[in-house]
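Notes for the one structure printed next.
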Amino acid sequence: MSVTHLIATFFCVGHLRPAPGTWGSAAAIPVAWALHVIGGPWLLLAGIVVAFASGWWATHLETKGKQDHDPSEIVIDEVAGQWLAFLPVSIGAAHVGASLTALYPGWIAAFVLFRLFDIWKPGPVGWADRRGDSLGVMLDDMIAGLFAALGVMALAALSHGVIMS
């Protein structure tokens, strides 16, 4: 098994059925948790950058010369996007010195919102998905992750009384 295949499938998680994208997103959460515990939001941010760059490279090589530019077993894009969606939770926990378990609504919201935007593909998420290349494979999930992160921040602000009617 090649290094590119291991990266693209997130160590073969992408071969789980049904719904490999959801499996990839679910597998991303405990790894994001570990990155946060080891190095806080900065290490998680570095992980996002590494996942995006290595995912783009691995996806390019794994799909080169193939008809399907986004095979379902490639889930490194979900991992990078899910980590981006989780980043505000990591930042919030670090800011207030709280355990991630105390912020469980945030990581649940990050997971649910990311899956929603990744499946629904509104606006720029769909645009990136329609690119038909390895960058598009990675970008659609990064944009979905950004939308989810913004949703997590809005829900946190609402929950903590920052947004009032």
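The values are calculated or read from the model by the stated rules, or taken from the named source; none is laboratory data. Small disclaimer: the values here were computed from a predicted structure and weren't measured. Note that each Cβ is placed from the backbone with ideal geometry, even for glycine, and that neighbours are counted across all protein chains shown. Remember, those area values only see protein heavy atoms, side chains included, never the ligands or the DNA or RNA. Shrake-Rupley method; radii C 1.70, N 1.55, O 1.52, S 1.80 Å.
Can you compute the charge dipole magnitude of segment 1-155 about its Cα centre, using +1 on each Lys and Arg Cβ and -1 on each Asp and Glu Cβ, nothing else charged? Give it in debye, rounded to the nearest 20.
120
Suppose the chain between Met1 and Ile38 were pulled fully straight at 0.36 nm per residue; how much longer would it get relative to their current alpha carbon spacing?
10.4 nm
Calculate how large, on average over all directions, the projected area of the Cα convex hull of segment 13-98 is; give the answer in nm² to one decimal.
5.6
Among 106-115, 61-70, how do they line up from the highest to the lowest mean number of other beta-carbon atoms within 10 Å?
The peptides rank, most packed first, as 106-115, 61-70.
Per the 1.4 Å probe, what fraction of the accessible area of segment 61-165, in percent, lies on carbon and sulfur atoms?
Using a 1.4 Å probe with all protein chains present, segment 61-165 comes out at 67 percent carbon and sulfur.
Counting only heavy atoms of the protein chains, get the accessible area per residue of the chain (1.4 Å probe) and round it to a whole Å² value.
Dividing the accessible area of the chain by its residue count gives 50 Å².
Given R₀ = 41 Å, what would the calculated FRET efficiency be for Ala53 paired with Thr101, taking r from the Cβ atoms and rounding to 0.05?
Here the calculated transfer efficiency is 0.85.
Rounded if a/c is under 1.5, else prolate if a/b beats b/c, else oblate: with a ≥ b ≥ c from the C-alpha gyration tensor eigenvalues square-rooted, which is segment 70-122?
Details: a/c = 3.04, a/b = 2.22, b/c = 1.37.
In terms of gyration-tensor shape, prolate.
Inverting the mean 1/r over all pairs of different Cα atoms, compute the Kirkwood radius of segment 89-165 and quote it in Å. Walk me through the numbers on the way to the answer.
Numbers: mean 1/r = 0.0746 Å⁻¹.
For segment 89-165, the Kirkwood estimate is 13.4 Å.
Given Cα pairs under 8 Å that are at least 6 residues apart, what percent is the relative contact order of the chain?
Values: 240 pairs, mean separation 43.1, N = 165.
In percent, rounded to a whole number, it is 26.
Could you calculate the FRET efficiency of Arg130 with Ala154 from 1/(1 + (r/R0)^6), where r is the beta carbon distance between them and R0 is 22 Å, rounded to 0.05?
Values: r = 27 Å, r/R0 = 1.23.
That gives a FRET efficiency of 0.25.
Please state, to two decimals, what the Cα-based radius of gyration of the chain comes to when divided by 2.2 N^0.38 Å (N = residues).
Normalised Cα radius of gyration, the chain: 1.02.
Mean Kyte-Doolittle of at least 1.6 plus a Cα span of 20 Å or more along the axis: flag which DSSP H helices in the chain meet both, please.
134-159
Once both labels are modelled 7 Å past Cα along the beta-carbon direction, what's the Phe11-Lys64 spacing in nm?
Simple spin-label model gives 2.6 nm for this pair.
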